[in-house]
Amino acid sequence: AEYLRLPHSLALIRLRNPPVNALSLAVVNGIREGLQKAMSDHTIKAIVVCGANDKFCAGADISSFSRSSPGISFGVVVDEIQRYEKPVVAAIRGVALGGGLELALGCHYRIAHAEARVGLPEVALGILPGARGTQLLPRLIGVPMSLDLITSGRPVGADEALKLGILDVVINSDPVEEAVKFSQEILDKPLEPRRLLNKSVPSLPNMDSIFSEAFAKVQKQYPGFLAPETSIQALQAAVNLPYKLGIKEEEKLALYLQKSGQARALQYVFFAESSVHKQSPPSVASWQTASPQPISSVGVLGLGTMGRGIAMCFAKAGIPVVAVESDPKQLEIAKKAVTSMLEREASKMQQSGRAWTKPTLTFSSSADMLCESGRFGQKTGKGWYQYDKPLGRVHRPDPWLSEFLSQYRETHHLESRSISQEEILERCLYSLINEGFRILGEGIAASPEQIDIIYLSGYGWPRYRGGPMFYAATVGLPVVLEKLQKYYTQNPDVPQLEPSDYLKKLAAHGNPPPKDWQSLAGPPGSKL
């Protein structure tokens, strides 16, 4: 942060940490040093705080979250600003997000450009506003709106922030110039009414129900996420405790979230989302340099009009075709049509071979038996469970199923055993993760981040778990490898459980983070 003396007995503290003036340890120390310099200089009457490059501050430096930084906490700096006997005015341009807004809340006045945005988006990173945000904001704008802004993390524009009371002045000109003029106008005004830490949270008669509704809302909107609910607990502390005790509760809850696996996962996702679009294809392959691969055979699913045409095209090109059609009637129609087309083609040109078909599916009599007994699931009230009524949702165990399974085991000489939830999860998830390592080793995926973002965006993997490859690193690569080896030994007919060579290479290095995998395992063997 830069410290400048201005005319009219004013000082300017400008945050400078491109590109968004993030609050690194050096920036926080610079802010504090500048404020102390201004306070000790009797010729300085007021201080303006702003950011360089048309941005106030986008919050804490996320890359430093996992490191314990020595020195004073930023929350203490925010409190010191409020207690200063000289007015401190925040001049906001661009964004004031997270710690940037907390810094502004510590200032006695807040002036912003009309296009500025402010907010506390920490929940998206699995944490809460831990530098007094949960304690100061409700003292300024009340509990209901604080709950909305903090649990959703949504930023608001300057006009809305002005209506809410977060900002004091919104202008279309330079906020620094306006803050300089404004500072001269408020020199004689008392600062005590502007110190949020000495205020109480505005009381409401239905406060308990407000918090109950807030808990219910976030549990429905963000199931499984810790940060929204924990933020509500911090806001409850602002209501129920004096400020000094409230900030201690905020610090305790912030530490709990910071140490949680969710915070690490969500911060990993934040960086992964911003990095995947910059990544090159694996092995520097591109459509300009990739060579076509030979096609040895083709499978066609469905033998409707389009499927028959596709099968014919490849057959005419001399490429073996395997076509699958589940409808026997449609299969017969297709066989006649394809045979007729091939015979016509054969009369025009020499054709090696002929279209042959054979059944490729094995059928179980159990399926026929279940259908014949009317066990179609919920719609008939009978399936794996018994239901209270057709299309009902209340289910209970079905004695018939137990008897059927017992007879089936006896007929096929099978021994029953209990399968724990842990084993079910491991066999499902680790086989998925194993395939991820395979495509990394084959050069199909450029990075573990690519795989994770695909599963987060398209397959419903919870964001707070970080993605399957991040989850593997959380569990530990040696653990994943050991479990896969165990399950593959027990089930040698399941190739998905055979550990990939790429996983073995990485596990030999212990449990490296995903960002180091490619450098440790070497370049992938791209097939492109």
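The values are calculated or read from the model by the stated rules, or taken from the named source; none is laboratory data. Here the structure is a predicted model, which means the values were calculated and not measured. Reconstructed Cβ throughout: ideal geometry from the backbone, glycine too, with neighbour counts over all protein chains shown.
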Extreme residue, nearest to V276 (Cα to Cα), among residues of segment 438-451 that are assigned to a loop (DSSP other than H, G, I, E, B) and in contact with a helix residue (DSSP H, G or I) (Cβ under 6 Å, 6 or more places away or on another chain)
A446
Is it true that some residue in segment 283-296 is exposed (fewer than 13 other Cβ atoms within 10 Å of the Cβ), aliphatic (A, V, I, L, M), modelled with pLDDT of 85 or more and assigned to a loop (DSSP other than H, G, I, E, B)?
yes
Every residue from segment 26-51 that is crowded, with 16+ Cβ neighbours inside 10 Å and either of a type in the set (A, V, I, L, M) or outside the structural domain of I127 (by TED's automatic domain parsing) (or both):
V27, V28, I31, L35, A38, M39, I44, A46, I47, V48, V49
Residue check, R14 against (1) among the basic types (K, R); (2) outside any helix (DSSP H, G or I); (3) surrounded by fewer than 16 Cβ atoms within 10 Å (Cβ to Cβ), all met but one. Which one?
(3)
Only one of (1) free of Cβ contacts under 8 Å to residues at least 12 places away in the same chain; (2) of a type in the set (D, E, K, R); (3) surrounded by 12 or more Cβ atoms within 10 Å (Cβ to Cβ); (4) under 30 Å from A272 (Cα atoms) is not met by E435, so which one is it?
(1)
Quick check on this structure: which one of P242, P228, P202 is without any contact (Cβ under 8 Å) to a residue 40 or more places away in the chain, of a type outside the set (S, T, Y) and either in contact with a His (Cβ under 6 Å, 6 or more places away or on another chain) or in the same structural domain as V78 (by TED's automatic domain parsing) (or both)?
P242
Please verify whether segment 26-36 includes one or more residues that are in a strand (DSSP E or B) and in contact (Cβ under 8 Å) with a residue 60 or more places away in the chain.
no
By residue number, the members of segment 381-434 that are among the acidic types (D, E) and closer than 30 Å to Y459 by Cβ are E422, E423, E426
Could you check, for segment 481-495, whether at least one of its residues is modelled with pLDDT of 95 or more and aliphatic (A, V, I, L, M)?
yes
Of the numbered conditions (1) surrounded by fewer than 19 Cβ atoms within 10 Å (Cβ to Cβ); (2) at pLDDT 95 or above; (3) farther than 21 Å from W517 by Cβ; (4) not β-branched (V, I, T), L429 satisfies every one except a single condition; which is it?
(3)
Quick check: is even one residue across segment 40-49 touching a Leu at 6+ places or on another chain (Cβ under 6 Å) and part of a strand (DSSP E or B)?
yes
Is it the case that L370 is more than 30 Å from V324 (Cα to Cα), surrounded by 14 or more Cβ atoms within 10 Å (Cβ to Cβ), of a type in the set (A, V, I, L, M) and at pLDDT below 95?
no
Return the residues of segment 157-187 that are closer than 30 Å to Q219 by Cβ and either hydroxyl-bearing (S, T, Y) or buried (at least 19 other Cβ atoms within 10 Å of the Cβ) (or both); say none if nothing qualifies.
A161, I166
Cβ-Cβ under 7 Å, sequence separation 6+ or interchain: first residue in segment 403-427 and touching a residue at least 40 places away in the same chain (Cβ under 8 Å), partner surrounded by 10 or more Cβ atoms within 10 Å (Cβ to Cβ). Which pairs?
E426/K483; R427/Y487
Any chance you could count how many residues in segment 227-279 are closer than 16 Å to A214 by Cα and among the acidic types (D, E)?
1
Exception for E85 within (1) farther than 18 Å from G119 by Cα; (2) in a helix (DSSP H, G or I) falls at (2)
I'd like to know if segment 301-320 contains one or more residues that are under 38 Å from the mean Cα position of the chain (by Cα), of a type in the set (A, V, I, L, M) and modelled with pLDDT of 80 or more.
yes
Are there any pairs with C-beta distances below 7 angstrom linking a residue in segment 314-326 that is farther than 8 Å from G299 by Cβ and without any contact (Cβ under 8 Å) to a residue 40 or more places away in the chain to a residue that is polar (S, T, N, Q) and in a loop (DSSP other than H, G, I, E, B), with the two at least 6 apart or on different chains, and if so which?
G318/S352; I319/S297; P320/S297
